[in-house]
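Derivation of every value follows stated rules applied to the coordinates shown; laboratory data play no part. Just so you know, these numbers come straight off a predicted model, no measurement behind them. Every residue, glycine as well, gets a Cβ built from its backbone with ideal geometry; the counts of neighbours run over all protein chains shown.
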């Protein structure tokens, strides 16, 4: 009986740790792809490069690309949180 309560406590701590890890990754995703890199996901490089390309396009030739970047950053944040919490993401 003692082992079962100890196991539940460990799972609770692990779940809380995963949540905070996910929140840190999501907050880093304000720069799209940084949350993925924080988690060690190699696709973060592609997301980061695509996000930077969108920002360059927005500043130089097509201002509405900022909205696409914002959408990418939001999806990237949800994906990074999902990876940290569940082990797999949305993308």
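Summary table
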item: Packing-based ranking, highest mean first, of 41-50, 24-33, 79-88 given that Cβ atoms within 10 Å are counted; result: 24-33, 79-88, 41-50
item: With Cα atoms, 0 to 90° folded angle of helix 2-28 axis to the chain main axis; result: 10 degrees
item: Stretch gain in nm, segment residue 14-residue 49, where the contour uses 0.36 nm per residue and the Cα spacing is subtracted; result: 9.3 nm
item: Radius of gyration and Dmax over the Cα atoms of the chain, both given in Å; result: 16.9, 66
item: The range 2-86: relative contact order in percent, alpha carbon pairs under 8 Å with at least 6 residues between; result: 37 percent
item: Helix 65-86 vs. the chain, principal-axis angle (Cα, 0 to 90°, nearest 10); result: 20 degrees
item: Distance from the range 44-91 to the range 17-37 (C-alpha centre basis), Å; result: 12 Å
